[in-house]
């Protein structure tokens with residue numbers, strides 16, 4: 001596994017980098033050798049935030065954890081990622097490393113129980129249909145605010161493509177555009 005570690009508002013020490021490499025490499029049994037993992041460490045006030053993103057052939061696995069201690073955040077995010085991988089193993093087995101789920105125990109097994117894995121899979125419980133009218137990004141931001149939702153899908157009047165605008169945790173907006 002190829003691990004990239006970056007820091008925002010934090011100097012990543014050699015010890016912390018070595019620890020993260022060691023812990024993230026334990027997840028390499030699920031992925032092909034050339035899989036990249038991006039680890040971003042940041043500090044905001046007294047919050048230590050660790051974000052791990054692992055793009056693979058079938059999609060992206062991502063986890064984020066915040067705590068008062070960077071080491072606890074690292075442990076928590078890796079536990080969360082492995083829980084996601086194991087919970088969705090039947091869907092992921094086709095695109096991840098063959099035989100990855102034949103191991104008797106997960107690496108971070110004590111972090112979750114079998115009950116956690118047996119939870120009922122999420123399903124679509126409601127379908128909404130609405131007319132999509134072309135509008136500018138500014139108009140879509142206004143609609144998002146007026147509706148009080150966390151995201152809004154619209155046809156971008158400038159490009160005639162479907163876009164999604166969403167409210168970020170920092171209070172700003174993000175725009176998702178299709179890549180053609």
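Brief remarks follow.
- Hits in the range 39-55 - residues which are surrounded by 17 or more Cβ atoms within 10 Å (Cβ to Cβ) and either more than 18 Å from residue 79 (Cβ to Cβ) or in contact with a helix residue (DSSP H, G or I) (Cβ under 7 Å, 6 or more places away or on another chain) (or both): 39, 41, 42, 48, 49, 50, 52
- Close pairs from the range 21-34: first in a loop (DSSP other than H, G, I, E, B), partner surrounded by 20 or more Cβ atoms within 10 Å (Cβ to Cβ), Cβ under 8 Å, at least 6 apart: 31/54; 31/96; 32/96
- Residue count, the range 1-20 (criterion: in a strand (DSSP E or B) and either modelled with pLDDT under 90 or loosely packed, with under 13 Cβ neighbours inside 10 Å (or both)): 4
- Checking each residue in the range 54-89 for being at pLDDT below 85 and in a strand (DSSP E or B) picks out 55, 56, 59, 60, 61.
The values are calculated or read from the model by the stated rules, or taken from the named source; none is laboratory data. Here the structure is a predicted model, which means the values were calculated and not measured. Don't worry about glycine lacking a Cβ; one is built from the backbone with ideal geometry, like all the others, and counts go over all protein chains shown.
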